[in-house]
1. Alpha carbon centre of region 265-316 versus region 159-217: separation in Å?
2. With the crude spin-label approximation of a point 7 Å out along Cα→Cβ, what separation in nm comes out for LEU232 versus GLU277?
3. Going by C-beta contacts inside 10 Å, put MET197, MET59, MET272 in order with the fewest on the left.
4. Taking neighbour Cβ counts within 10 Å as the exposure measure, how do VAL229, VAL107 sort from fewest upward?
5. If you project the alpha carbons of region 208-331 onto the principal axes, what extent comes out on each, in Å, largest first?
6. Less than 17 Å from a label point 7 Å out along the Cα-to-Cβ axis of SER179: which backbone N atoms in region 108-147 qualify, by residue?
7. Please state, to two decimals, what the Cα-based radius of gyration of region 132-256 comes to when divided by 2.2 N^0.38 Å (N = residues).
8. Compute the helix-to-body angle for 268-282: its Cα long axis versus the longest principal axis of the chain, expressed 0 to 90° and rounded to tens.
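Bear in mind that the values in this text are calculations on the coordinates, not laboratory data. Please read these numbers as outputs of a predicted model, since none were measured by experiment. So basically every Cβ, Gly included, is an ideal-geometry build from the backbone, and we count neighbours across all protein chains shown.
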Amino acid sequence: MLSKRTRISFAALAFLIPMAAHAQTASSAKAADDRYPNKPIRLIVPFTPGGTNDVLARMIATHLTATLGESVVVDNRAGGEGLIGTEIAVRARPDGYTLLLVSSAYVMNPAVRKLPFDSLKALDFIAKLGASFIVLSVGPSMPVNSVKDLLAVAKSRPGEIVLSTSGGFQYFASALFTSLSKQDFNIVLYKGAVPAMIDVIGGQVHSTFAVSVPALPHLRSGKLKGLAVGTLKRAELLPDIPTLDEAGVKGYEASNAYAIATAAGTPRPIVMKLHDEISRYFKMPEVQKQVTAMGAVIDLKTPDEMRKIIPAEIAKWTRVAIDARMPREGN
């Protein structure tokens, strides 16, 4: 029979073993964090090559490869308005070796799709990078020179004034405009933003929310008349064009935002290491000039700030979808 002292010793040992195991696990986790990265990192872009998403991702990949000492490889996984690539990142091991370039599609998809993950919990956001702007535009033959003029024509001809758009972000931006302006525009869907813009230039349709990069040459040449930008601040590249909020459509804000994220549960030290390095990069004057030339604005946000932004954006665009009676897929 064990003595009382022996029983107490075994009890103390049983208590200490889990504590030691926990300390060893925590120590191992910290060591893994300290060694990060020690193998190549994949940066998923859930859209085709060539767009702003892709360009930003490749800029970040080049910088992180140089500063972290491991290769960062861009992997384009297009489809489903960003859903295919996003799901790959969501399902990845939460160790910081799979990153995702996120656009506004992430906060808009829940409004019109039944998703295989919870958008509020699926990702840990590393940083918001910035956003590209859109321009409410008409063709040169359209007899309007301001947002006020366009709304007056729309009011006199309800349902007749065509607002051409592609799907996704541009469609949501158009729906928000009709909702806040309280005018009945005829939103016509195209297979892409450029064809939607070309038909406005040619006079086949009346207006569009032109995407900054392809629109800039036409705005400068006069083939498009820019009436207002969708951001709350004027665009540096088009300082003479007012914002929609300034032009009377109060509260209008629609810009295609870009962020970097990784699978939920990634250790905080890894998230912050990436945040600090990416933020430092986007604060460089030469990088800021490059991003501005792309028709985008740098707007850095921390992981903690993104935790508040994402739910608010999902709620905003869900209301827009409901007001516009957008069909919901997967139900």
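1. Using only Cα atoms to place each centre, the spacing works out to 28 Å.
2. Once both label points are built, they end up 3.2 nm from each other.
3. Values: MET197 28, MET59 18, MET272 14.
Lowest to highest Cβ neighbour count: MET272, MET59, MET197.
4. Working: VAL229 28, VAL107 24.
Least to most surrounded, the residues fall as VAL107, VAL229.
5. 50, 46, 25
6. 108-113
7. Details: Rg = 12.6 Å, N = 125, 2.2 N^0.38 = 13.8 Å.
For region 132-256, the normalised Cα radius of gyration comes out at 0.91.
8. Taking the Cα atoms of the chain, the angle to 268-282 is about 40 degrees.
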